[in-house]
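To start, the structure itself, in structure tokens.
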Amino acid sequence: MSLDRETVRQTALLARIRLDEDRLERMVGELNGILAWIDQLNEVDTSSVAPLASVTGHALPTRADSVTDGNDAEAVLTNAPDRVGGYFAVPKVVE
Amino acid sequence: MSTLVSGSTGDWEVVVGLEVHAQVRSESKLFSGASTRFGAEPNSQVSLVDAGMPGMLPVINRECVRQAVRTGLGLGAKINRVSVFDRKNYFYPDLPQGYQISQYTRPIVGEGSLRITMPDGERVVGIERIHLEQDAGKSMHDQDPSRSLIDLNRSGVALMEIVSRPDLRSGAEAAACLRTLRTLLRFLGTCDGNMQEGSLRCDANVSVRRPGGELGTRCEIKNLNSIRFLQQAIEYEAIRQVEVLEDGGKIIQETRLFDADRGETRSMRSKEDAHDYRYFPDPDLLPLELSEDFIAGIAASLPELPETRRNRFVSQYGIGEAEADFLVTEPEIADFFEALADGRDPKLAANWLTTELFGALNRAGLPLSKSPVDAGTLGGLIDLVADGTISGRSAKDVFSEMFETGQAAETIVDARGLRQLSDGAAIAALVDAVLAEHGDKVAEYRSGKVKLLGFFVGQVMKQTRGTANPQLVNEILRERLAG
């Protein structure tokens with residue numbers, strides 16, 4: 001599998017990462033290098049091996065349903081570039 | 001039978017599938033310990049996990065998992081022993097993480113079904129899957145001229161996305177499906193079903209085709225926040241699509257919004273390909289594995305479901321089917337009825353509840369949960385009618401006052417002197433006095449003018465200010481007049 005310039009440009013756009021033309025070219029090369037390596041891994045026959053979700057052997061930790069957090073709007077809003085009362089304020093987004 | 005839309009070139013069949021977002025009933029959020037309570041001060045129920053701060057790790061709420069499994073079992077669905085959380089990536093200001101934790105290829109619940117009742121019979125609607133995911137925050141665009149305001153209280157609250165098969169054939173069927181699903185969720189206690197507060201939201205996928213033909217291109221109508229709007233939007237959309245196709249046009253797959261004021265759907269944006277969300281397994285979360293014991297424990301504790309309860313009401317209490325349908329629309333109504341019917345005539349209980357109490361509640365615009373009259377109080381009134389303490393007619397007056405004041409029936413009856421006179425000897429004495437006073441009318445009656453009975457009853461009632469037991473009065477009058 002390999003990526004063309006347009007796919008990389010589109011992916012960068014979706015990820016909101018700005019890529020200049022010269023960096024875009026470099027990124028196409030780098031990503032295709034990574035994909036070539038993944039293709040090499042794909043040469044190994046793993047059809048009889050269960051997918052590995054974790055190397056630790058741990059199960060997903062869970063918690064009880066109780067309220068243990070929140071109630072600190074000031075902390076949550078500390079880094080907000082702009083606010084109105086208790087709300088974050090952002091440039092107007094209307095679909 | 002399905003409802004067809006007839007166009008100028010023939011009939012069209014409407015095909016609808018629903019995606020229902022049901023907020024899980026839980027105290028805290030899916031992956032954080034912040035509260036889920038509705039209506040709190042902005043950003044007061046936000047943990048640093050919900051705010052998407054770097055380095056925060058999600059830890060799943062066991063109860064939310066239990067609720068999803070409970071819902072799956074209620075729909076007779078397959079519970080997946082292993083499911084996986086994925087990141088669905090997109091950018092929007094009310095999604096501070098930049099991705100929603102959801103389930104994509106391996107949801108917690110697989111296929112099930114829901115039976116709905118239409119006027120002409122039952123339908124079985126396939127359920128494709130239920131997955132667990134985080135809700136986003138809330139954006140407000142109309143509070144400030146140049147800025148949008150964001151409240152993250154809802155960010156991270158657990159949602160169940162319940163996806164139906166495209167088995168529905170009209171707006172009315174879709175409405176019945178959502179209504180039935182909401183009732184089921186309420187009985188299960190897994191979602192409060194409150195559409196005004198947004199704890200139940202619905203998207204509809206709508207397409208049209210020639211009857212039995214290949215599926216057409218679908219449009220997705222987003223964020224329908226009432227059952228009525230769901231039905232209206234589907235009916236409008238089906239006709240719009242038929243018109244486009246009959247004019248030789250093509251349906252473009254897109255997302256549309258329902259404008260409730262104008263009763264029409266409008267294009268919102270072309271639907272991003274699923275691919276564009278760049279789903280991948282969330283590296284912060286291991287697969288969710290459910291043990292057989294865990295699932296069996298939930299199955300054993302499932303409450304009686306609405307359909308079962310409805311059928312039991314009909315067979316156990318002998319009430320009508322339509323009445324039983326109404327009584328199981330909400331668990332609170334069903335519980336109220338059973339408390340009221342306990343030790344009383346169930347038909348009488350059902351009648352008082354559905355006619356008198358719900359009549360008064362509807363006039364006052366109150367839900368049953370805010371009723372000033374509880375089952376014990378209403379039962380007290382029914383008992384007073386049953387044992388003859390008050391007449392059926394006074395009972396309605398007592399009920400009106402009870403609804404106003406919340407007082408017990410006995411208290412109102414005593415305060416207003418409504419206790420029915422059921423003492424045979426006392427009534428006989430009154431009857432004799434009335435007959436003695438109206439000797440002429442007695443003679444007329446005996447000569448065949450039997451309609452005068454009503455006059456004598458009226459006289460006795462007048463003497464007792466309406467408290468005499470009318471049956472006894474009638475009986476004694478007939479007996480005396482015959483003599």
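Summary of computed values
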{"read-out": "Relative contact order, percent, chain B [alpha-carbon distance under 8 Å, six or more residues apart]", "value": "13 percent"}
{"read-out": "Compactness index (Cα Rg / 2.2 N^0.38 Å), chain B", "value": "1.33"}
{"read-out": "Long-range amide H partners of B:Leu168 with built H, under 5 Å", "value": "B:Val16"}
{"read-out": "Helix-derived mean residue ellipticity, 222 nm - over the protein assembly as shown, DSSP H n ≥ 4, -39500 (n - 2.57), to 500", "value": "-11500 deg cm²/dmol"}
{"read-out": "Kirkwood-based Rg to Rh ratio, segment B:1-125, C-alpha trace", "value": "1.09"}
{"read-out": "Distance cut-off 17 Å, percentage of C-alpha pairs in segment B:424-482 lying past it", "value": "26 percent"}
{"read-out": "Volume in Å³ per residue [convex hull over Cα atoms, computed for segment B:237-369]", "value": "273 Å³"}
{"read-out": "Proximal lysines relative to A:Lys92, as straight alpha-carbon distance under 29 Å, when same-chain residues fewer than 8 apart are discounted", "value": "B:Lys29, B:Lys88, B:Lys138, B:Lys222, B:Lys271"}
{"read-out": "Three principal axis lengths of chain A [C-alpha, angstrom, descending]", "value": "56, 44, 24"}
{"read-out": "Bridge type composition, chain B - antiparallel percent by DSSP, nearest 5", "value": "95 percent"}
{"read-out": "For the protein assembly as shown: span of alpha carbons on each principal axis (Å, largest first)", "value": "120, 62, 57"}
{"read-out": "Amide H contacts of B:Asp282 (H built 1.01 Å from N, under 5 Å, at least 5 apart or other chain)", "value": "B:Phe85, B:Asp86, B:Arg87"}
{"read-out": "Peptide-level mean, for B:145-152, of C-beta atoms on other protein chains within 10 Å", "value": "6"}
{"read-out": "Anchor B:Lys449: lysines whose Cα lies under 29 Å away (excluding residues fewer than 8 positions away in-chain)", "value": "B:Lys441, B:Lys462"}
{"read-out": "Contour minus Cα-Cα distance for B:Leu215 and B:Asp335 (0.36 nm per residue)", "value": "38.8 nm"}
{"read-out": "Residues with amide H under 5 Å from that of B:Ile60, placed H, sequence gap 5 or more", "value": "A:Arg63"}
{"read-out": "Gyration tensor (Cα) of segment B:186-293, equivalent ellipsoid semi-axes in angstrom", "value": "31, 21, 15"}
{"read-out": "Proximal charge balance of B:Ser32 [Cβ under 10 Å; K/R count +1, D/E count -1]", "value": "0"}
{"read-out": "Averaged over B:18-28, number of beta-carbon atoms from partner chains that fall within 10 Å", "value": "2"}
{"read-out": "Longest segment of chain A lacking trypsin sites (Lys or Arg not before Pro) that sit in a DSSP loop with at most 10 other Cβ atoms within 10 Å", "value": "A:19-95"}
{"read-out": "³J(HN,Hα), Karplus 6.51/-1.76/1.60, whole Hz, each residue of segment B:318-328, x for Gly, Pro", "value": "x, 8, x, 5, 5, 5, 4, 4, 5, 5, 9"}
{"read-out": "Set of aspartates and glutamates near B:Lys396 by C-alpha distance (under 12 Å), chain-local residues within fewer than 8 positions excluded", "value": "B:Glu356"}
{"read-out": "Percent of C-alpha pairs per 10 Å bin, segment B:125-208, short to long", "value": "14, 40, 28, 15, 2"}
{"read-out": "Computed lengthening from B:Asp414 to B:Asp276, 0.36 nm per intervening residue step minus Cα-Cα distance", "value": "42.3 nm"}
{"read-out": "Neighbourhood net charge (9 Å Cβ-Cβ; Lys/Arg +1, Asp/Glu -1) for B:Gly17", "value": "-1"}
{"read-out": "Residue-by-residue Karplus 3J(HN,Hα) for segment B:88-99, coefficients 6.51, -1.76, 1.60, Hz, glycine and proline x", "value": "9, 8, 7, 10, 7, x, 8, 10, x, 5, x, 7"}
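All of the numbers you see were taken from the coordinates with simple rules; none came from a lab. Since this is a predicted model, take the numbers as computed values, not measurements. In this analysis, Cβ positions are derived from the backbone assuming ideal geometry, glycine residues included, and neighbour counts consider all displayed protein chains.
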